[in-house]
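Enquirer: Please see the structure below; I have some questions.
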């Protein structure tokens, strides 16, 4: 795995301990070119950065040292962790995102990402359930890395969390309504998995953002922000893993 080093000044000065690194957060750049992305990640004016960027060719650039806190996650929450910059390594994958026709990730990008994840997981003893997307930890603000990101493929290599339910069997329950009790249980399952669901938010319109984030991750071919039996069964399985 070849890594190129490009310095970004956008990080917190305090060096963290290795054991504080508990998560990897995956993003897309949301910009139309790699050059634009690098410029922004290096510019003090924007106050954003990441540890690694993977371009369309699969070339990896390291912008911030692992043990420095890069500014990639923003306002975020997962389980008991708030402001995940402090606890995570951020990986940006060059992709223009939903605002610019959202193309598929390249084969080289995913190939090199797998190598990088293996390296980071081993070095920092990161649990695979702590490899997350930006939309998982900030569902009200973010959609990345989005529904075209191959979470299931990564899970087969034990690089992230996934369920082992049959996709074909699950589709039988798509858009099948469930009881109000099970809808409440679905949101409880999401909270167990790690999503930021509070009692006061349950059954409010705001929940559709969290449901959509869950779907972008675990039911990627239909993102509608609506709870159905398929989503419920997936959430039930994941809450037990």
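The values are calculated or read from the model by the stated rules, or taken from the named source; none is laboratory data. These figures come from a predicted structure and were not determined experimentally. Here the Cβ is made from the backbone with ideal geometry for all residues, glycine too, and neighbour counts use every protein chain on show.
Enquirer: Part of a loop (DSSP other than H, G, I, E, B) and without any contact (Cβ under 8 Å) to a residue 24 or more places away in the chain - does that describe any residue in segment 176-184?
Expert: yes
Enquirer: Which of (1) in a loop (DSSP other than H, G, I, E, B); (2) in contact with a helix residue (DSSP H, G or I) (Cβ under 8 Å, 6 or more places away or on another chain); (3) surrounded by fewer than 19 Cβ atoms within 10 Å (Cβ to Cβ) is the odd one out, the single condition residue 141 does not satisfy?
Expert: Tallying (1) in a loop (DSSP other than H, G, I, E, B); (2) in contact with a helix residue (DSSP H, G or I) (Cβ under 8 Å, 6 or more places away or on another chain); (3) surrounded by fewer than 19 Cβ atoms within 10 Å (Cβ to Cβ), residue 141 fails exactly one: (2).
Enquirer: Still on this structure, please answer the following. Does residue 196 satisfy the condition of being modelled with pLDDT of 95 or more and closer than 25 Å to residue 144 by Cβ?
Expert: Judged against the criteria, residue 196 is not a match.
Enquirer: When you check residue 53 against the structure, is it touching a helix residue (DSSP H, G or I) at 6+ places or on another chain (Cβ under 6 Å) and touching a residue at least 12 places away in the same chain (Cβ under 8 Å), yes or no?
Expert: no
Enquirer: Under 6 Å by Cβ, and 6 or more places apart or on different chains, what pairs join a residue from segment 30-46 that is touching a residue at least 60 places away in the same chain (Cβ under 8 Å) with one that is assigned to a helix (DSSP H, G or I) and crowded, with 17+ Cβ neighbours inside 10 Å?
Expert: 31/37
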